[in-house]
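Reviewing the structure listed below.
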Amino acid sequence: MNPLAWLTAGTSIVDKLLDFIPDPAAKAAALQSYQMAMLEFAKTEEASQATVEANEAASADPFTSRARPFIIWVCGIALAYTFVLAPFANPLLHLYFPKYVPVVLDSGTLMSLVTALLGIGGMHVFENVQAGKVAAASTGKKQ
């Protein structure tokens, strides 16, 4: 969850609480103190998340992050079945086993998940290229 979402969500509550402070200078100081505390919280939260992501990226275990590789493997296997294996295997199986009912995967849901994964991955690569974090060999540029 984005820590800054708490800042905007909590502001309406803080505004109501600040209405109980009659002095405008004290009210402004209290609001500034709250905002600084929330920004410090957001910085700390993002720094700890960046540390976790850096440790996962440095790991030699390809399944360190668990969820992302699992979803990518599941989507890859489902795409291979839907578009490569099933079109060839189902007619052959139906010839030898006439009562065979082929398994049909919902390709609409599968494709929406795959395009979301590819879009997020492409966005991540684009951000890294813009930030200069990607080596020239991987972007195709000559140094």
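Observations
- Residue match in region 87-94 (condition: surrounded by fewer than 10 Cβ atoms within 10 Å (Cβ to Cβ), more than 22 Å from GLY119 (Cβ to Cβ) and at pLDDT below 85): no
- Test: residue in region 124-142 that is at positive phi and either loosely packed, with under 10 Cβ neighbours inside 10 Å or modelled with pLDDT under 70 (or both): yes
- Selection status of PHE63, modelled with pLDDT of 75 or more, in a loop (DSSP other than H, G, I, E, B) and either surrounded by 11 or more Cβ atoms within 10 Å (Cβ to Cβ) or out of contact with any Cys (no Cβ under 7 Å at 6 or more places or on another chain) (or both): no
- In the set VAL114, VAL84, VAL101, only one residue is at pLDDT 85 or above and either in contact with a Leu (Cβ under 9 Å, 6 or more places away or on another chain) or not in a helix (DSSP H, G or I) (or both); that residue is VAL101.
- Residue within region 34-53 that is farther than 30 Å from VAL14 by Cβ and either over 22 Å from the mean Cα position of the chain (by Cα) or modelled with pLDDT under 80 (or both) present: yes
The values are calculated or read from the model by the stated rules, or taken from the named source; none is laboratory data. Because the structure is a prediction, the values reported are computed rather than measured. For neighbour counting, all protein chains shown are included, and Cβ atoms are generated from backbone atoms with ideal geometry for every residue, glycine included.
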